[in-house]
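Below is one structure; the comments refer to it alone.
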Amino acid sequence: MNKNPSNPLILVPETVTQIFAFGHVLAAMVWLGGGMFTAFALGPNIRKMPQGAALEFNARVVPNLTRFIQASIGSTLLFGLLLLYAVSDGDSSWFSTTQGEEVSVGIALALVTAIMAFTVTMPAFRKVSKAAAEALEGKQQGPPTEMMANAKRARQGSMAGIILLLITLATMVAAGF
Ligand code: HEM
């Protein structure tokens, strides 16, 4: 996909572009899918579990889940940037095309979502896991109000992230047509 053949240094072969696109879309599916699964399937059902089981789940499974989603965020951004370089052929005038403008809106939203995930949502999930682990070890004192506040923050952060990602997805798909 070389739209700028005068500069051979930035020529990205079609197959490589397709690999970037595959990696990007796969990672984005895992990010959005993982977020939706956590918010709509896991979250409501954890609340229905017996307290001991919910604490075990929060202490042992949630840290792995958050790491998995963090990896998908990193891969979406990494493959997205590589794909961006490939489809624009390193030509900044590409950003003023309709396709470029749509992708730019998507990138801005994706970056806001990623920053929110790393600064608000993931830390809230980590605090819930830590409090659950402490409760299992009998270290927690008093009612788990802080844990519930963090669980609420994690839920709200996940929902906001899902909404932003759905809009990002719409702009990315629009750019593809
Ligand atoms: C910094 C973040 C991102 C960058 C740099 C980026 C970049 C790109 C680029 C350059 C394309 C190719 C567009 C085209 O062919 O016209 C693309 C396609 C795509 N992106 Fe992203 N993207 C990012 C985040 C995301 C996120 C968060 C999602 C999902 C929620 C996403 C989903 C997609 C999809 C599904 C396509 C394929 C669209 C199609 O061909 O129909 N991207 N992205």
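Brief remarks follow.
- For the chain, built as a Gaussian network whose Cα springs stay under 10 Å, the top-fluctuating residue of Gln140, Gln156, Gln99: Gln140
- Whole-number D in µm² s⁻¹ for the range 1-103, Kirkwood Cα-pair radius fed into Stokes-Einstein, 37 °C, 0.692 mPa s: 203 µm²/s
- The P(r) of the range 72-170 has a tail past 16 Å containing 64 percent of all C-alpha pairs.
- Carbon plus sulfur fraction of accessible area for the range 11-176, probe 1.4 Å, in percent: 70 percent
- Compactness relative to 2.2 N^0.38 Å, alpha carbon Rg of the chain: 1.27
- For the chain, the 222 nm mean residue ellipticity estimated from helices alone, with every DSSP H stretch of n ≥ 4 adding -39500 (n - 2.57) and the total spread over all residues, rounds to -25000 deg cm²/dmol.
- Net charge dipole size for the range 11-176 [Lys, Arg +1 and Asp, Glu -1 on Cβ; Debye, nearest 20]: 980 debye
- Residue-count net charge about Gly176 - beta-carbon cut-off 14 Å; Lys, Arg +1, Asp, Glu -1: -2
The values are calculated or read from the model by the stated rules, or taken from the named source; none is laboratory data. The shown structure was predicted, so the numbers you read here are calculated from the model rather than taken from an experiment. Glycine also receives a Cβ, built like all others from the backbone with ideal geometry; neighbour counts cover every protein chain displayed. The accessibility values were calculated without ligands, DNA or RNA, using every heavy atom of the protein model including side chains. Shrake-Rupley method; radii C 1.70, N 1.55, O 1.52, S 1.80 Å.
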